[in-house]
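Trainee: The following block contains the structure, expressed as structure tokens.
The values are calculated or read from the model by the stated rules, or taken from the named source; none is laboratory data. Keep in mind that what you see is a predicted model, and the values were worked out from it rather than measured. Backbone-built Cβ (ideal geometry, glycine too); neighbour counts: all protein chains shown. To get the accessible areas, we keep the full protein, side chains included, count just its heavy atoms, and leave off ligands, DNA and RNA. Shrake-Rupley method; radii C 1.70, N 1.55, O 1.52, S 1.80 Å.
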Amino acid sequence: MGGFSNFAISFSIISILTGAVTLYGHGLRMGGPFEMAAGWPLVTLFTMTVALSMAELASALPTSGSVYHWASKLGGRSWGWFTAWFNIAGNLTVLAGVDYGCALFVTPLLGLEATTRNLLIVYSALLVSHALINQFGIRLVASLNDLSVTVHIAGVIAIVGALLLFAPKQPVSSFFTRVTHNPESWPYWWAFIIGLLQAQWTFTGYDASASVSEETVDPRRRAPWGMILAVAVSSVVGYLLLIALTLAIKDVGAVLNAKDAGGNDVPAVITILTGALGERAGGAFSWLTAGAMWFCGLSAVTWCSRVIYAFARDDGLPASKLWRRVSQKHQTPGPAIWLCVVVAFAAAVYSGAYSVVTSISVIALYFSYVIPVFLSWRAKRRGEPIERGPWHLGKYDSAINLIAILWVAFISVILSLPDGMRAGKTIAAFAALLGLWYLFGERRRFRGPKWSESKVQGPE
């Protein structure tokens, strides 16, 4: 992969036409239009501190293990083991959220009622398509990821342009309207905070640039820039999309309560597009959005399988010999790819509510992101020598690291609480099981990363 392809995989997984769109109804229900106006830039600002902190580590240690290897290097094998498992859990639930969100869009567009059975059939087909393509080789996936960037940017420009030029628009002041339609009757400030899930879930997966370091030319420079640019470009383009969609809403209540013929919920963005542009044009743009989601799922399988492969390479998983196998013909980790899609299917079925699986993915992923950042910050505070790559934060590194740590702590608590604390209880149970497993088994067996010079590539 070159620099653009490295950026493309993170940009495709962030996928503003996935996270910002599939959870648009959640944000609108919780905080109304003001959720889009203020929530998106707020999350962008703090997410960038996490991305900057991770980019510095990616430059110092560019490997497929990314956060797992960074934590192992900075804190030892126990920190690395827990980081790896949280990262894998986050990867798998992100994949579940992406492809199930795509199924929520595609099912009504196919003229099918959004019943549980139909959604699971479409969801399964999407997962299988991504697994098959990922098996053909990294070059095909890289080419499709490059195309994905074009689809996302051109798609957003087309949607924004059509809405601003042809759709009836509300006054700009309506973009800052503070209203909540949450069924729990929470006060506005609390509903607004819960609504931040929309933006925070969108900004996940940018560590994919680090996870494909071993397949990237000059990864010490290109992987960090891939992560930072993916967050920066997504934030700007995504905000334009949110402005256009929100100003095109005729009636917030009608958008949130739209149903199909069978009484099943219709995604809010489909309702907005068809209501503002008509059935034909709105349907066409909805298909374009679904296509972008499909590209996002394709990148998510690539990213997830590399993380599993890297951990299995170090004997960190049960049956590691199987999951670290690489196809001689296609040079891709086939077993890891198929493991991803099978577990992702099970995760979506278990979670029950879309907001639950997305909350779990955010919390698990950001735990894995912040552990090596915390270890790096702790080492700096102790005056311990820290390896630096050509991309680093200079004298501001400790301050940026601390802000990132505090933000992850805040957002993890907030997203644990809704829906009867199902996300929080799931993460707590997962952490407890990991602790017992490590204490009574893996602490003696797991030896940590098998470092070798071939795994840490320098500039070419």
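Trainee: Which parts of region 230-257 would a label at GLN170 reach, counting a residue when its backbone N lies under 15 Å from a point 7 Å out along Cα-to-Cβ?
Mentor: The answer is 242-257, whose backbone nitrogens lie closer than 15 Å to the label point.
Trainee: If you don't mind, another one. Semi-axes, largest first, in whole Å: what does sqrt of 5 times each Cα gyration tensor eigenvalue give for region 271-323?
Mentor: Semi-axis lengths for region 271-323 are 42, 7, 7 Å.
Trainee: Let me see the P(r) profile for region 247-291: every Cα-Cα distance counted, bins of 5 Å, each bin given as a percent of all pairs.
Mentor: Once binned at 5 Å, the Cα pair distances of region 247-291 give 5, 24, 29, 26, 14, 1.
Trainee: Computed over the Cα atoms of region 1-65, what is the convex hull's projected area averaged over all directions, in nm²?
Mentor: 5.6 nm²
Trainee: Bin width 20 Å, alpha-carbon pairs only: give the P(r) of the chain as whole percents, running from 0 to the bin holding the largest distance.
Mentor: Values per bin, smallest distances first: 27, 59, 14, 0.
Trainee: Using θ = phi - 60° and the Karplus relation 6.51 cos²θ - 1.76 cosθ + 1.60, list the HN-Hα couplings for region 150-160 in order, rounded to whole Hz, with x at every Gly or Pro.
Mentor: Here the 3J(HN,Hα) series is 4, 4, 5, 5, 5, x, 5, 4, 5, 5, 4 Hz.
Trainee: Where a ≥ b ≥ c are the square roots of the eigenvalues of the C-alpha gyration tensor, would you call region 162-231 rounded, which needs a/c under 1.5, or, failing that, prolate if a/b is larger than b/c, or oblate?
Mentor: oblate
Trainee: May I pose another question? Relative to the longest principal Cα axis of the chain, at what angle does helix 268-277 sit, 0 to 90 degrees, rounded to 10?
Mentor: 50 degrees
Trainee: So how much slack lies between TRP437 and LEU406, counting 0.36 nm per residue of separation and subtracting their Cα-Cα distance, in nm?
Mentor: Extra length available between TRP437 and LEU406 comes to 8.3 nm.
Trainee: Would you kindly compute the Cα radius of gyration of region 93-154 and its largest Cα-Cα separation (Dmax), both in Å?
Mentor: Over region 93-154's Cα set, Rg and Dmax evaluate to 13.3, 37 Å.
Trainee: I've got another one for you. Given just the C-alpha atoms of region 114-200, how large is their convex hull per residue in cubic angstrom?
Mentor: So the per-residue hull volume is 183 Å³.
Trainee: While we're here: Long-range amide H contacts for THR177: which residues qualify at under 5 Å (H placed 1.01 Å from N, peptide plane, sequence gap of 5 or more or a different chain)?
Mentor: Counting only residues 5 or more places away or on other chains, the set is PHE34.
Trainee: What is the gain in length, in nm to one decimal, between ALA232 and ALA254 on full extension, counting 0.36 nm per residue of separation less the C-alpha to C-alpha distance?
Mentor: 4.6 nm
Trainee: Here's another thing I want to ask about it. Give me the angle, in degrees from 0 to 90, between the Cα long axis of helix 279-313 and the longest principal axis of the Cα atoms of the chain, rounded to the nearest 10.
Mentor: It works out to around 10 degrees.
Trainee: Here is a follow-up. How many percent of the accessible area of the chain is carbon or sulfur, using a 1.4 Å probe?
Mentor: Carbon and sulfur: 65 percent of the exposed surface of the chain.
Trainee: Would you compute the Debye intensity of region 368-443 from its alpha-carbon atoms alone, equal scatterers and no solvent, and pass along log10 I(q)/I(0) at q = 0.16, 0.25 Å⁻¹ to two decimals?
Mentor: At q = 0.16, 0.25 Å⁻¹ the computed log10 ratios are -0.79, -1.09.
Trainee: Measuring with a 1.4 Å probe in the full set of protein chains, what accessible area per residue, in whole Å², belongs to the chain?
Mentor: Averaged over the residues of the chain, the accessible area is 38 Å².
Trainee: Let me ask something else about it. Let's test this: bin the Cα-Cα distances of region 240-378 at 5 Å from zero up to the farthest pair and state each bin's percent.
Mentor: 2, 8, 11, 14, 15, 14, 11, 9, 8, 6, 2, 0
Trainee: Can you compute the equivalent ellipsoid semi-axes for region 1-128, i.e. the square root of 5 times each eigenvalue of the Cα gyration tensor, sorted largest first and rounded to whole Å?
Mentor: Calculated on Cα positions only, the semi-axes equal 32, 21, 15 Å.
Trainee: Hey, which lysines would be in cross-link range of LYS321, C-alpha to C-alpha under 28 Å, not counting anything within fewer than 8 residues on its own chain?
Mentor: Cα-Cα hits under 28 Å: LYS73, LYS329, LYS450, LYS455.
Trainee: A further question on this structure: Compute, for region 85-225, the length of the dipole vector about the Cα centre, with Cβ point charges of +1 (Lys, Arg) and -1 (Asp, Glu) only. Units Debye, rounded to 20.
Mentor: Rounded to the nearest 20 debye, it is 280 debye.
Trainee: Evaluate region 55-202: find the radius of gyration of its Cα atoms, find its Kirkwood radius, and give the ratio Rg to Rh.
Mentor: Dividing the radius of gyration by the Kirkwood radius yields 1.04.
Trainee: Right, here's the next one. What's the Kirkwood radius of region 336-414 in Å, using all Cα pairs?
Mentor: 15.0 Å
Trainee: Compare the Cα positions of PHE105, ILE133, LEU42 along the charge dipole of region 27-148 (+1 at Cβ of Lys, Arg; -1 at Cβ of Asp, Glu; about the Cα centre) and return the one farthest towards the positive end.
Mentor: ILE133
Trainee: Expressed in nm², what is the orientationally averaged projection area of the convex hull enclosing the Cα positions of region 206-301?
Mentor: If you wrap the Cα atoms of region 206-301 in a convex hull and average its projections, you get 8.0 nm².
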